[in-house]
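In what follows, a structure is listed as structure tokens, so that the remarks can point back to it.
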Amino acid sequence: MPDAFSDIAKVTRSHIPAANVPARIDVPKNSGHGATSRGIEHGATITNGDGNVAQDGLPARKRGRPKGSMDSRLRKKASLAQKDLLIIDINNPSHEDIPDYGYVQETSLGDAPMSEPILENREISMNYTSVHETLSRDSIILDDVFAYSIAQGIIEHDDIEPRSVEECQRRADWPKWKNAIQVELDSLTKRQVFGPITLTPPSIKPVGHKWVFVRKRNEKNKVVRYKARLVAQGFSQRPGIDYEETYYPVMDVITFRYLVSLVVSEKLDMQLMDVVTAYLYGDLDSEIYMKVPDGLQLPKSSGSKPRSAFSIRLRRSLYGLKQSGRMWYNRLSDYLIGKGYVNDEICPCVFIKRTSSGFAIVAVYVDDMNLIGTLDELKETAKYLKSEFEMKDLGKTRFCLGLELEHRSDGIMIHQSAYTQKLLRRFNEDKAKPVSTPMISRSLEPEKDPFRPRDEDEDLLEAEVPYLSAIGALLYLAQCTRPDISFAVNLLARHSSAPTCRHWIGIKTIFRYLRGTIDMGLFYPYREKRNNGSVGSDSTRQNATFRAPPPLHQNDNNVLMGFADAVYLSDPHKGRSQTGYVFTMGSTAISWRSTKQTLVATSSNHAEIIALHEAVRECIWLRSVVRHIRGTCGFKSITDKPTCIYEDNAACIEQMKLGFIKGDNTKHISPKFFYNQQQQALLNIEVNQIRSEDNVADLFTKSLPKSTFEKHVKSIGLRKLSELP
């Protein structure tokens with residue numbers, strides 16, 4: 001049978017012979033036949049006759065986006081209503097009319113020079129139609145920042161926010177946006193953010209500005225407020241000239257989960273307050289000028305000088321400046337400490353004040369403040385805050401850090417049901433058939449493992465498949481309220497630079513599992529206190545080889561307990577093992593992790609020592625947080641006795657008790673892992689052996705049968721909201 005490509009004239013843009021499709025197509029030099037990359041089936045490559053690749057296959061695009069996709073971003077019209085283009089006097093910012101701020105035209109991929117080809121392994125972003133962004137699978141760092149940005153895109157996807165004043169004017173809800181802009185201008189004036197408009201001093205580079213619009217939503221994802229911000233373009237600031245330090249602390253989700261467990265165990269009140277235009281309270285630490293926004297009137301003495309010659313001196317920090325967050329934190333911290341509140345380097349975002357009548361905890365996340373404590377002190381704290389800052393009292397905490405809180409008579413549940421529903425809709429899995437576990441079984445043969453790296457003959461996923469976006473969205477969920485998907489997401493995230501159809505099937509399996517567990521979250525139950533001591537105390541110590549932990553559903557709410565595990569050569573292709581650990585406060589998880597080890601373990605015992613080392617480090621930090629918060633509030637300490645960490649490796653337990661003997665089997669182990677034994681000698685931890693079937697850390701290291709998986713899920717406090725009594 002003749003080769004289908006023997007006649008190159010048959011290769012056209014619209015027709016590719018199906019028979020005997022080769023991996024490469026040799027095109028003679030100076031050939032008049034115009035075979036293009038768009039006419040080549042995926043996986044084929046055109047060469048120029050010398051063996052050099054002529055052009056990689058690219059997806060068909062129109063105006064820089066895939067054909068068939070819709071660009072929902074509103075385009076600037078040729079003419080705007082001149083009646084909306086008004087002038088505002090900076091000395092009279094309470095003017096009711098709103099100026100027209102210039103629309104900044106975005107540059108799409110279609111506008112890029114043809115000499116700059118798109119990298120082969122790129123992915124079209126989930127919100128491409130609104131931001132014209134692509135993601136490089138080779139260079140994206142899968143961290144908390146990336147996960148949060150993807151989550152924000154999912155939350156805002158259903159109804160894209162306007163990107164300019166002109167877009168606001170074309171919308172049916174323009175009156176609400178107009179009011180939000182006026183509120184922002186009033187706040188800028190009230191806080192005395194702007195100085196006078198002056199000629200830009202020599203050697204000064206003023207920063208730009210733009211309007212940012214967002215609709216604030218409640219725990220049910222309903223719009224409750226329209227918000228407009230005049231934001232400085234901080235990317236033009238120069239380090240060492242326009243700013244020095246930029247870091248400022250915020251409350252992390254682990255601390256927040258512990259505070260929820262404290263509310264439950266001590267029967268405390270929990271209220272949420274919001275600071276209005278928080279960043280505008282900060283005092284700048286450097287001299288910064290900003291370009292004059294359109295609509296602000298220039299001085300009468302400006303004469304014929306162009307508008308670009310003028311700028312505004314900023315008296316206070318403004319949203320968008322690199323140091324604004326730090327300036328706001330310093331302002332708030334100085335005020336609270338001056339009122340008698342104390343914090344600690346271990347958790348600098350938590351401020352505590354104790355009096356004879358009670359105590360109050362102020363947990364800060366940017367401009368959101370969770371007030372926890374006794375009722376009288378909470379009222380006094382709210383009074384302090386309202387006297388210094390413009391505050392909004394939002395009542396009982398029901399939505400914070402993107403988490404929904406359900407306050408019930410039998411406990412508090414933290415979940416992300418609304419986010420999970422939006423996630424499934426965004427990836428077209430809202431009608432998928434549910435499955436009982438988040439991952440398919442792994443094979444013991446490396447070449448048959450569905451989670452193995454891409455084979456040489458396997459194709460990469462097309463750019464239109466949102467693999468990175470899915471990983472980022474699932475990472476956010478796994479880190480906040482769904483530890484049950486942590487291991488599956490971790491396995492798939494390591495293939496983000498070269499995903500295949502096998503890996504995408506794994507992503508869809510997680511979506512199908514979430515489809516059947518949309519309302520699942522962490523439940524912190526109220527329970528009567530029992531004076532049974534901390535796990536690991538003398539009163540509960542046993543001499544048996546295996547020390548069974550008390551059932552988690554019967555555990556005291558004030559008991560901190562840990563479980564650690566490792567799977568040797570979980571990634572046989574790179575010789576890496578898997579670390580997993582989880583810490584519970586009472587019966588519910590507050591901290592967990594599933595990660596691939598960075599060192600090559602030489603044995604299962606070596607892998608377990610590495611995993612235990614990571615768990616001990618987390619335990620020491622958790623004990624410090626618990627000690628500071630409980631001690632400052634006046635509660636009985638639960639860290640004066642060792643925290644029990646359960647392990648299922650007998651050799652590891654023996655080494656922890658007897659010390660590391662430098663023999664042939666252990667002499668290569670790094671001295672830093674002796675830290676585990678040192679902490680046990682200091683009575684900070686107590687490592688005990690547990691049967692493998694009872695080790696809930698297995699949830700973070702291996703694929704489990706359905707019955708075992710469901711048992712461990714329940715053991716760490718995960719419940720369905722619909723199944724609670």
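The numbers here are math on the coordinates, done by the rules we state, and not lab data. These figures come from a predicted structure and were not determined experimentally. Neighbour counts run over all protein chains shown; Cβ positions are idealised from the backbone, glycine included.
Observations on the structure shown:
- Sorted peptide list for 321-331, 265-275, 452-462, criterion being average Cβ within 10 angstrom, highest first: 321-331, 265-275, 452-462
- If only the Cβ of Lys and Arg carry +1 and only the Cβ of Asp and Glu carry -1, the dipole of the range 377-465 around its Cα centre is close to 840 debye.
- Packing-based exposure ordering (other Cβ within 10 Å, fewest first) of CYS168, CYS347: CYS347, CYS168
- If both residues of a DSSP beta bridge must be in the range 340-385, then about 100% of such bridges are antiparallel.
- The Kirkwood radius of the range 367-417, taken over pairs of alpha-carbon atoms, gives through the Stokes-Einstein law at 25 °C and 0.890 mPa s a diffusion coefficient of 195 µm² s⁻¹.
- Over 21 Å apart at the Cα level, from the set LYS353/LYS386; LYS267/LYS396; LYS227/LYS300; LYS339/LYS379; LYS220/LYS383; LYS178/LYS210, are LYS227/LYS300; LYS220/LYS383.
- Between LEU199 and ASP138, the FRET efficiency from the beta-carbon distance, with R0 = 56 Å, is close to 0.75.
- Amide H contacts of ARG217: VAL224, each under 5 Å away and 5 or more positions distant or on a separate chain (H built 1.01 Å from N in the peptide plane; Pro and chain starts excluded).
- Checking the Cα-Cα distances for LYS508/LYS574; LYS657/LYS706; LYS508/LYS720; LYS176/LYS392 against a 23 Å cut-off, the pairs over it are LYS508/LYS574; LYS657/LYS706.
- Note that the range 198-213 has calculated 3J(HN,Hα) couplings of 9, 5, 5, x, x, 6, 9, 10, x, 7, x, 7, 6, 8, 10, 10 Hz, one per residue in order, obtained from phi through the Karplus relation 6.51 cos²θ - 1.76 cosθ + 1.60 (θ = phi - 60°); glycine and proline are x.
- As an equivalent ellipsoid, the range 193-233 spans semi-axes of 35, 10, 6 angstrom, where each value is the square root of five times an eigenvalue of the C-alpha gyration tensor, largest first.
- Length gained on full extension, TRP174 to ASP640, computed as 0.36 nm times the residue gap minus the Cα-Cα distance: 161.8 nm.
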